[in-house]
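Beneath this line is the structure, given in structure tokens, with notes to follow.
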Amino acid sequence: MIKLATEADAAFSSFFEEMKGQGATGLRQAAWEAFAAKGLPNRRVEAWHYTDLKAALGKPAPIASAQAGMREIARAHDSVRLVTLDGVFRPDLSDLALLPEGVKVQSLREALAQGAPGVMALVASADVQAEDAMVAMNAALMQDGVVLRIAAGVTLGQKIELATYVSSQDVQSSFTRAVVVLGKDAKATIVETAGALTAAPAQDNQALILRLAAGAALDLVTHVSGQSDKLVRVMSLLAHVDEGASLSSYALVEGAGLLRRQIFARLNGEHSKVALNGATLARGRQHADTTLVVDHAFPNGQSRERFRNIIDEQGTGVFQGKIVVRPHAQKTDGVMQSKAILLSDQATMNNKPELEIFADDVQCGHGATCGRLDKDQLFYLMARGIPRYEAESLLIEGFANEAFQGLEDETLRGFLLGRISSWLAARSK
Amino acid sequence: MLEIKNLHVSVGDREILKGLTLTVKDGEVAAIMGPNGTGKSTLSYVISGREGYEVTQGEVLLDGENILELEPHVRAAKGVFLAFQYPVEIPGVATMTFLKAAMNAQRRSRGEEELATPELMKRVKEAAAKLGVSQEMLRRPLNSGFSGGEKKRMDILQMTLLQPRFGILDETDSGLDIDALRVVSEGVNSLRAPNRSFLVITHYQRLLDYIKPDTVHVMAKGAIQRSGGPELALELEERGYQEYLGEEAA
Ligand SMILES: Nc1ncnc2c1ncn2[C@@H]1O[C@H](COP(=O)(O)OP(=O)(O)OP(=O)(O)O)[C@@H](O)[C@H]1O
Ligand SMILES: [Mg+2]
């Protein structure tokens, strides 16, 4: 039934043996079977055509274990922070005491150990793992993370950060999962941070599951960064957006090694809205892949995808976006746009937007562009005395910032724009 | 002083400027008039340093220095300013950010201290008020969604702030309404000074009623065909360009 051939398969199989006793046995078993049926994604799998994960994960590193020492982790903004470090949720590094009213937090490890069916239903990802082997692997091997629930009707005044870092000097694999549930009409801003405090080439598989009940509204601000050019990171965002609920996501991806960010967004009720925005910065030999599927399953939904890629040196960017409109999802309104700027002759961008429409009364469109900086714009700026490098930086910054125009939180916007400026300042002249 | 000597410029295989010679003295306002497609904008781009033009012969001297090998921002630092026929929209760049970058780049190149934001804002607001550029326009991304006339005003606002030594106005009057034409012309007139000169490209006498030129030059077939005083513009208004086009017109 399960064929395990390669060294990698054997290693993952031993990880499963290690993890399957850690709660949620049935859920893990089903996920493992889903993974084993598919195996590590290779380039023949359409959704992974541009990202050769099988090659990158040829030698899986041992499963991460908690780092003993306390660490101070610098703060980038004023959020209530929940830290998962090297695969383990760390109450000692988290601001549990500062959590606002109406918010409940439990570690995933504890939730899995208790196995309450209601909670397991929130944690599960059966629908997506049938499609994607890396989500299945995450479900089979998940070590820890956070289950965060925001009660119905609550509007959070404070933003909450889910920070997931790798820090070990040893090369390790980590599998973490966070679940964020917004009750009916709840409103919140969540920051998702995926970082690296080490230059060791970690292998990181993270999932974030969002469940927005009817009328809920969530701003999700994601910041991804790393240190090693051998870091391999797969981040999966699974969003379930119920009737009248709205998700706005803003992601800044600073390339590091191989990164795959995948989004599976399902508009699960009428009049729901999803806006996915992102900017990706890649240079060196970095590979940054954003792949998303927006699934309109009900009528009158709206989705907007706006992605900006800035690729320098020998970097590679990938954008694959698919809007699916199911037969009943009439009056769907979807617009997807992906633009890329290549800053060097060796930079590569693979841009693939797609529509799969099975309803007849819809308004959907997509556009993808890829090019160099606009010469006329550059000349205009230089003709005003702005030196070439600075003029280019202004244009690149402006281009990237387009992804964050809708973000209302000034602090977070400032933080993201500051990161973009720093990235540009490090660009070679 | 700007001296253009026997300038030949090609785009691809096509020669557009064919031995153009023109001198604009300090303090002078020189007007260029000429038929569509004759190379007026090409001349303004070549002076300001846009890519894509091949200078096959001749030179452009600013105060005796040939500027043709210099990058556009270096020419700007030396005082060349082009008010574009078609100013470019730059949707990602905030107008104030741009103005700050431009003004401070210029100050750096002169070895002056950068301006602090409040002082800069004050100068921008004052100049904007004079030119009828609204606060709302200043808050928008550069030229983004501006009407044709609004873009022209924004260019003149930049010229006012940057105080160039040699300003080129490429059909600044096109797209301006009657009131705007007056306001913008007053803006230009207030910049007239003994050490500052202008090249005003236009199709219409109307602009020259406001910005009174010292010299008028007829450009056709890629070169200056005739030069004279303000009366030449009136004559052109009457008679058109036929006599300068020679066989090409036939
Ligand atoms: N990049 C280019 N490629 C090909 N042809 C060009 C290019 N730039 C200019 N030309 C041609 O050169 C000629 C001169 O153009 P230019 O824009 O300088 O004319 P102009 O005198 O400013 O005209 P107008 O009065 O209409 O503004 C035109 O025939 C134009 O088509
Ligand atoms: Mg022209």
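Taking R0 as 35 Å, what's the FRET efficiency between A:M120 and A:T369 from their Cβ-Cβ distance, rounded to 0.05? With R0 = 35 Å, the Cβ-Cβ based efficiency is 0.20. When peptides A:246-255, A:7-16 are sorted by average Cβ neighbour count within 10 Å, with the highest value leading, the order is A:246-255, A:7-16.
Taking the inverse of the mean reciprocal distance over all distinct Cα pairs, the Kirkwood hydrodynamic radius of the stretch B:2-248 comes to 18.6 Å. Rg/Rh for the stretch B:1-75 to two decimals, with Rh computed the Kirkwood way over all alpha-carbon pairs. On the Cα set of the stretch B:1-75, Rg over Rh gives 0.94.
If you take all other residues with their beta carbon under 12 Å from the beta carbon of A:A214, and give Lys and Arg +1 and Asp and Glu -1, the sum is -2. Each label point was placed 7 Å from the Cα along the Cα-to-Cβ direction; for B:N36 and A:R43 their separation is 5.2 nm.
Once the 1.4 Å probe is applied to the protein heavy atoms, the protein assembly as shown comes out at 40 Å² accessible per residue. Rounded to the nearest 20 debye, the dipole size of chain A about its Cα centre is 440 debye, using +1 on the Cβ of Lys and Arg and -1 on the Cβ of Asp and Glu. Measuring r between the beta carbons of B:E231 and A:D345 and using R0 = 41 Å, the FRET efficiency lands at 0.15. For chain A, the 222 nm mean residue ellipticity estimated from helices alone, with every DSSP H stretch of n ≥ 4 adding -39500 (n - 2.57) and the total spread over all residues, rounds to -6500 deg cm²/dmol.
Let's see if you can work this out: charge +1 on each Lys and Arg Cβ, -1 on each Asp and Glu Cβ, no other charges. What is the dipole magnitude of the stretch B:52-209 about its Cα centre, in debye to the nearest 20? Let's see the in-between values first.
On the way: 20 positive and 22 negative charges, 116 e Å.
So the dipole magnitude of the stretch B:52-209 works out to roughly 560 debye.
Peptide B:179-185 shows a mean partner chain C-beta count of 0 within 10 Å per residue C-beta.
Considering only alpha-carbon pairs that sit under 8 angstrom and 6 or more positions apart, the relative contact order computed for the stretch B:2-248 is 29 percent. Of the residues A:D312, A:D374, A:D219, the one that moves most in a GNM of chain A with alpha-carbon contacts below 10 Å is A:D374.
Principal semi-axes of the equivalent ellipsoid, √(5λ) from the alpha carbon gyration tensor of the protein assembly as shown, are 60, 24, 23 Å from largest down. In this structure A:K184 has an accessible area near 110 Å², from a 1.4 Å probe over the protein heavy atoms.
Ordering B:H8, B:V74, B:L169 by the projection of their Cα atoms onto the charge dipole of the stretch B:2-248, which places +1 on the Cβ of Lys and Arg and -1 on the Cβ of Asp and Glu, puts B:V74 at the extreme positive end.
Spin-label model, B:E238 to A:A55: label points 7 Å out along the Cα-to-beta-carbon direction sit 7.8 nm apart. Cross-link partners of B:K125 among lysines, defined as those whose alpha carbon lies under 18 angstrom from its own and excluding same-chain residues fewer than eight positions apart: B:K100, B:K151, B:K152. Summing Lys and Arg as +1 and Asp and Glu as -1 over all other residues whose Cβ lies under 11 Å from the Cβ of A:D52 gives a net charge of +3. If the chain linking A:S228 and A:D92 were pulled fully straight, counting 0.36 nm for each residue of separation and taking away their Cα-Cα distance, it would gain 46.3 nm. Across the stretch A:53-184, the mean sequence separation of Cα contacts (distance under 8 Å, 6 or more residues apart), normalised by length, yields a relative contact order of 36 percent. Across chain A, the mean sequence separation of Cα contacts (distance under 8 Å, 6 or more residues apart), normalised by length, yields a relative contact order of 10 percent. Each 5 Å bin, from zero up to the one with the longest distance, holds this percent of the alpha carbon pairs of the stretch A:374-429: 4, 19, 25, 20, 17, 10, 4. Peptides A:331-337, A:345-351 ranked from most to least packed give A:331-337, A:345-351, packing being the mean of other C-beta atoms within 10 angstrom over each peptide's residues.
Using the Cβ-Cβ distance between A:H328 and B:D179 with R0 set to 45 Å, the FRET efficiency works out to roughly 0.20.
Over 27 Å apart at the Cα level, from the set A:K375/B:K212; B:K25/B:K221; A:K352/A:K375, are A:K375/B:K212.
Compactness of the stretch A:1-111 was expressed as the Cα radius of gyration divided by 2.2 N^0.38 Å, which yields 1.38.
With a 10 Å cut-off around each Cβ of B:64-76, the average count of Cβ atoms from other chains is 3.
Among the residues of B:91-97, the average count of other protein chain beta-carbon atoms within 10 Å of the residue beta-carbon is 5.
With the dipole of the stretch A:374-429 worked out from charges on the C-beta (+1 for Lys and Arg, -1 for Asp and Glu) around the Cα centre, which of A:F399, A:P387, A:G418 lies farthest toward the positive end? Going by the charge dipole, the pick is A:P387.
Distance between the modelled labels on B:Q163 and B:N189, one decimal in nanometres: 2.2 nm (7 Å Cα→Cβ projection). Straight-line cross-link reach from A:K187 at under 12 Å between alpha-carbon atoms covers these aspartates and glutamates, not counting any fewer than eight positions away in the same chain: A:D219.
The values are calculated or read from the model by the stated rules, or taken from the named source; none is laboratory data. Keep in mind it's a predicted model, so treat the numbers as computed, not measured. As a convention, Cβ positions derive from the backbone with ideal geometry for all residues, glycine included, and neighbour counts pool all protein chains shown. All accessible areas refer to the heavy atoms of the entire protein, side chains included, with ligands and DNA or RNA removed. Shrake-Rupley method; radii C 1.70, N 1.55, O 1.52, S 1.80 Å.
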